[in-house]
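Q: Would you mind keeping the following structure in view while I ask a few things?
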Amino acid sequence: MAASSFLVLPGAVPADGIDEGVPAHYGNPLVEQRRLEAGRAVVDLSNRGVVTVSGPDRLTWLHSMASQALARLTPGESAEALLLDANGHIEHVAHVLDDGATAWLVVEGPDAAALAAFLDRMRFMLRVEVADVTSEWGVLASMGTEALDLATPAGVANGVALDWVDPWRTAHGHQYAREAGHPAGDWRWVERLVPRAQLADAAAAVAAGRVDAAGALAAEALRIAAWRPRQATEVDEKAIPHEFDWLRSAVDLGKGCYKGQETVAKVLNLGRPPRRLVLLHLDGSDTVLPAPGETVVGEKVRPDAADGAAPERRDVGRITASAMHHELGPIALAVVKRAVPGDLPLIVESHGIDVAAAQVEIVPADAGAAVDVPRLPRLGVRRP
């Protein structure tokens, strides 16, 4: 794949890790955040993957495998879908847009080939065709479409503009997070599919001053502040949708008969998520920003401990993503054990330094079963 046109813009600093291939920033990530948040900047996501599924059976076929109801997706309508394994663990996350003839799936770049291969194996006798078109189509993003329109027009297929509008803003499914104070209402994320040749036009629009550009660091900071999960950061081999409050945007609870559906229903109706996503407000006095994978610990004084005894430390989770936010300061997302109390102060062990962290519950510690199952009386000898 050709190098991104945005990497040759003045001040562009290449990203590494999960966002390798696009600019991390252009010299001032905090200013870029403000411009992006205001809808005045575009983000280069040309390292994302794009998979297409065409043919008359495409939507009913995808519907049968995905967590989301896709059978009646109308042309231009956006959806988010998860593909799970038999135990309900997340394997693929797809941003889905249909044009009436083809379903477009935007995924993390490294996942495109794997998803296309999986779908191709599942075609059987159905009238569908699967293609990895990452080399032909790129992705730009912004808050709303104003800045995108200044950069380059959306790609058009079958008369439909290929703009995927993130459904995270409004809960369509079950939400664990408490409604008060939920930041998703300010999240207006749009991902625009364009032919790769147009990415150079968008970069030229930035160079000419017609629109601003923001790097991957700015996009990540706003995503973290919006509590928005991402496959490349939050998902591991044990992840299930409930742990990230992903049921609110990517799971239709009215459909069944897809792989992993039993786990989705059982945890929602009868159980509790085994882990939960939290936002951490970090102490910035040491100017240390934790890296993904670093350990989150909790301190607790045992009831039988002697007076003045040091609290006992226990590993309770891991950092999945962190950022310096232009208003909130240093913040992070972390996955912690379900039993960790919501008011427990936490510590992140990072670069040999203890970073104090205050948690904001996304999936609350007391998130429980959606169905109240009455307790049955014990069987045994009946007493008079």
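The values are calculated or read from the model by the stated rules, or taken from the named source; none is laboratory data. In this text the structure is predicted, and so the values were computed from the model without any measurement. Don't worry about glycine lacking a Cβ; one is built from the backbone with ideal geometry, like all the others, and counts go over all protein chains shown. Areas reflect the complete protein model, heavy atoms only, side chains present, ligands, DNA and RNA absent. Shrake-Rupley method; radii C 1.70, N 1.55, O 1.52, S 1.80 Å.
Q: Could you look through the stretch 142-157, keep only residues that are surrounded by fewer than 22 Cβ atoms within 10 Å (Cβ to Cβ) and of a type in the set (A, V, I, L, M), and pick out the one that is nearest to residue 55 (Cα to Cα)?
A: 157
Q: Additional query: Of all residues in the stretch 87-129, which are among the aromatic types (Phe, Trp, Tyr) and in a strand (DSSP E or B)?
A: Listed by number, the list holds a single entry, 104.
Q: Still on this structure: With the condition kept exactly as written, say whether any residue in the stretch 30-53 is of a type in the set (Gly, Ala, Ser), touching an Asp or Glu at 6+ places or on another chain (Cβ under 8 Å) and open to solvent by 30 Å² or more (accessible area, probe 1.4 Å).
A: There is no residue in the stretch 30-53 that is of a type in the set (Gly, Ala, Ser), touching an Asp or Glu at 6+ places or on another chain (Cβ under 8 Å) and open to solvent by 30 Å² or more (accessible area, probe 1.4 Å).
Q: Still on this model: Tell me the residue from 3, 69, 24, 12 that is closer than 29 Å to residue 170 by Cβ and either open to solvent by 10 Å² or more (accessible area, probe 1.4 Å) or within 21 Å of the chain's Cα centre (by Cα) (or both), please.
A: So the residue among 3, 69, 24, 12 that is closer than 29 Å to residue 170 by Cβ and either open to solvent by 10 Å² or more (accessible area, probe 1.4 Å) or within 21 Å of the chain's Cα centre (by Cα) (or both) is 69.
Q: Related question: Criterion first (open to solvent by 50 Å² or more (accessible area, probe 1.4 Å), modelled with pLDDT under 95, over 18 Å from residue 228 (Cβ atoms) and not hydrophobic (A, V, I, L, M, F, W, C)) does residue 123 satisfy it?
A: yes
Q: I'd like the residue in the stretch 179-189 that is surrounded by fewer than 21 Cβ atoms within 10 Å (Cβ to Cβ) and of a type outside the set (Gly, Ala, Ser) and, out of all such residues, is nearest to residue 137 (Cα to Cα).
A: Across the stretch 179-189, the extreme among qualifying residues is 188.
Q: Residue 52 versus (1) out of contact with any Phe, Trp or Tyr (no Cβ under 7 Å at 6 or more places or on another chain); (2) under 25 Å from residue 198 (Cβ atoms): which is the lone unmet condition?
A: For residue 52, the exception is condition (1).
Q: Could you identify the single residue in 237, 262 that is of a type in the set (Asp, Glu) and part of a helix (DSSP H, G or I)? Give the steps one after another, and end with the answer.
A: Values: 237 fails: part of a helix (DSSP H, G or I).
Just a single option satisfies the conditions, and that option is 262.
Q: Moving on to the next point. When both residues are 6+ apart or on different chains and their Cβ atoms are under 7 Å apart, which pairs have a first residue that lies in the stretch 206-218 and is open to solvent by 70 Å² or more (accessible area, probe 1.4 Å), and a second that is in a loop (DSSP other than H, G, I, E, B)?
A: Here the result reads 207/9, each pair linking the stretch 206-218 to a residue that is in a loop (DSSP other than H, G, I, E, B).
Rundown of residues vs (1) closer than 20 Å to residue 71 by Cβ; (2) aliphatic (A, V, I, L, M); (3) touching a Leu at 6+ places or on another chain (Cβ under 9 Å), yes/no style:
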position	(1), (2), (3)
261	yes, no, yes
268	no, yes, yes
271	no, no, no
289	no, yes, yes
296	no, yes, yes
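Q: Name the pairs: first residue in the stretch 320-345 and of a type in the set (Val, Ile, Thr), second residue assigned to a loop (DSSP other than H, G, I, E, B) and open to solvent by 60 Å² or more (accessible area, probe 1.4 Å), Cβ to Cβ under 6 Å, at least 6 apart or on different chains?
A: Here the result reads 320/292, each pair linking the stretch 320-345 to a residue that is assigned to a loop (DSSP other than H, G, I, E, B) and open to solvent by 60 Å² or more (accessible area, probe 1.4 Å).
Q: Moving on to the next point. Pull up the stretch 242-257, narrow it to residues that are under 21 Å from the mean Cα position of the chain (by Cα) and more than 21 Å from residue 185 (Cβ to Cβ), then point me to the one that is most open to solvent (accessible area, probe 1.4 Å).
A: Result: 253.
Q: Okay, moving on. Which condition number does residue 280 fail, the rest of (1) in contact with a Lys or Arg (Cβ under 6 Å, 6 or more places away or on another chain); (2) within 21 Å of residue 218 (Cβ to Cβ) being met?
A: The one condition residue 280 does not meet is (1).
Q: Restricting attention to the stretch 72-86, and to residues there that are touching a residue at least 60 places away in the same chain (Cβ under 8 Å) and either in a loop (DSSP other than H, G, I, E, B) or open to solvent by 40 Å² or more (accessible area, probe 1.4 Å) (or both), which single residue is farthest from residue 166 (Cα to Cα)?
A: 86
Q: Sticking with this one: Answer yes if at least one residue in the stretch 246-264 is of a type in the set (D, E, K, R) and under 17 Å from residue 169 (Cα atoms), and no otherwise.
A: Yes; the residues of the stretch 246-264 include at least one that is of a type in the set (D, E, K, R) and under 17 Å from residue 169 (Cα atoms).
Q: Are there any strands (runs of 3 or more DSSP E) wholly within the stretch 268-360 with 2 or more residues that are closer than 30 Å to residue 28 by Cβ, and if so which?
A: Passing ranges, in order: 275-282, 312-325, 329-337, 346-350.
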